[in-house]
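As structure tokens, the structure follows; a few thoughts come after it.
The values are calculated or read from the model by the stated rules, or taken from the named source; none is laboratory data. The structure displayed is predicted, hence computed values, not measured ones. Neighbour counts run over all protein chains shown; Cβ positions are idealised from the backbone, glycine included.
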Amino acid sequence: MSDFKNQTLLVTGASGNFGRLAVDELLARGATNVVAGTRDPAKLADLVAKGVRVVALDFDDEASLANAFAGVDRVLLISTDSVGRRIEQQRAAIAAAEAAGVKHIVYTSAPTPRPNPDGGVSPEHFWTEQALAASTLDWTALRNHLYAEVSLLSAASALQSGQWFDATAGRGRAYVSRADAARAAAGALLQAEGKSAHDVTGPAAVTQDELAALVAKLAGKPIARIGLTVEQLKGGMLAAGLDPHMVDILVAFDADAAEGYHDIVSGTVEHFSGRRPQALADFLQANAAALKA
Ligand SMILES: NC(=O)c1ccc[n+]([C@@H]2O[C@H](COP(=O)([O-])OP(=O)(O)OC[C@H]3O[C@@H](n4cnc5c(N)ncnc54)[C@H](OP(=O)(O)O)[C@@H]3O)[C@@H](O)[C@H]2O)c1
């Protein structure tokens, strides 16, 4: 693998959780020209003291993209949190990077992205990967599986009700911690070449039965796991008053898991970060206080 640590490396969305972790990892691995792009540079004032150049960057603002990408060799393009607007936003970022002469984009994608309309967040990642493939750039699509942090959200509602509902049909999910995924992304920005896509996963696929049992043990409370069909899960969430748009996203995650799209284990984290990914049980143990709160 090559080493691009002396090239100009830009991270978009650098004030987010993932962006901050990625910038820290680039610095820890000796990158010498790190640029942190964010909508709000004031939030990253602390990075300036570490030698990072902080620039205003907003996918909705073409001029900011042209300015931020000028002179940059490689970009870590972090998918935004504006679900529903991301195709347009991320296409604009890719076009601006191409126009500015960027050579390589690392993109935070999702498992097996597909264009099907009932696919939750999947189509936005699919069309972003398509835009990368149609560009003249080299690219690395890092298909981040569900963050281990997401399992804490499922755990919180299950601990409240004592019931763990899902429609994963007993298939596993290879949760990856956000920190492992961010370190892998920084590693890809430092090393990846060519055009390729990689699943970014934890070390094992864990079923919802196993997850509910781990959470119950750590919290010291019983949880009954209840397997549902996708239709039943959707009906239950809507009846509970959840936002219909959020319901579509959450149900699509379970439908994807039931199809086996989350039941994939790769060596990508270790390949790009040099560290073995954290097991879900260890992540939960480290966050046990949150489960007992
Ligand atoms: N795999 C999973 O389980 C999972 C779960 C949740 C989210 N995600 C995805 O992973 C991404 C990073 O996760 P996170 O935990 O770091 O989320 P986060 O802390 O909520 O950060 C959201 C990110 O979106 C960026 N952003 C929002 N609007 C933008 C715009 N107009 N132009 C450029 N950037 C914009 C923010 O950048 P600034 O504020 O610095 O401009 C920030 O980096 C999320 O945005 C989402 O796409 C994945």
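For every residue, the table says whether it meets (1) in contact (Cβ under 8 Å) with a residue 24 or more places away in the chain; (2) not in a helix (DSSP H, G or I).
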position	(1), (2)
R171	yes, yes
D180	yes, no
G187	yes, no
D199	yes, yes
V215	yes, no
M237	no, no
D248	yes, no
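Every test in (1) farther than 30 Å from L26 by Cβ; (2) within 17 Å of the chain's Cα centre (by Cα) is passed by L280 save one, and that test is (1).
The lone criterion from (1) touching a Pro at 6+ places or on another chain (Cβ under 9 Å); (2) in a loop (DSSP other than H, G, I, E, B); (3) modelled with pLDDT of 95 or more left unmet by G119 is number (3).
Taking the numbered list (1) surrounded by 14 or more Cβ atoms within 10 Å (Cβ to Cβ); (2) away from the ligand (no atom under 11 Å from the Cβ) in turn, G71 passes all entries but (1). If the condition is being more than 13 Å from the ligand (Cβ to nearest atom) and of a type in the set (K, R), then segment 168-220 contributes R171, R183, K195, K217.
Scanning segment 74-88 for residues that are crowded, with 21+ Cβ neighbours inside 10 Å and either touching an Asp or Glu at 6+ places or on another chain (Cβ under 6 Å) or not hydroxyl-bearing (S, T, Y) (or both) gives R74, V75, L76, L77, I78.
When segment 82-108 is filtered for residues that are in a loop (DSSP other than H, G, I, E, B) and over 18 Å from V23 (Cβ atoms), the ones remaining, listed by number, are S82, V83, G84, R85, G101, K103.
Taking A252, is it of a type in the set (G, A, S), within 24 Å of the chain's Cα centre (by Cα) and in a helix (DSSP H, G or I)?
yes
Scanning segment 185-213 for residues that are more than 17 Å from H262 (Cβ to Cβ), of a type outside the set (D, E, K, R) and in contact with a helix residue (DSSP H, G or I) (Cβ under 8 Å, 6 or more places away or on another chain) yields A185, A186, G187, A188, L189, L190, Q191, A192. Under the condition of being assigned to a helix (DSSP H, G or I) and buried (at least 21 other Cβ atoms within 10 Å of the Cβ), the residues counted in segment 256-290 number 9.
Take the residues in segment 80-93 that are in contact (Cβ under 8 Å) with a residue 60 or more places away in the chain and within 18 Å of R143 (Cα to Cα); name whichever of them is farthest from the ligand (Cβ to nearest atom). Quick ask: steps written out before the conclusion?
In the first step, residues of segment 80-93 are kept if they are in contact (Cβ under 8 Å) with a residue 60 or more places away in the chain; the result is 80-81, 83-84, 93.
Filter once more, so that each one left must be within 18 Å of R143 (Cα to Cα): 80-81, 83.
Working: T80: 4, D81: 4, V83: 8 Å.
Top of the filtered list is V83.
Once segment 25-35 is narrowed to residues that are buried (at least 17 other Cβ atoms within 10 Å of the Cβ) and more than 10 Å from L9 (Cβ to Cβ), the residue that is farthest from the ligand (Cβ to nearest atom) is R29. From the list R85, R29, R53, R39, the lone residue that is basic (K, R) and closer than 21 Å to Q130 by Cα is R85.
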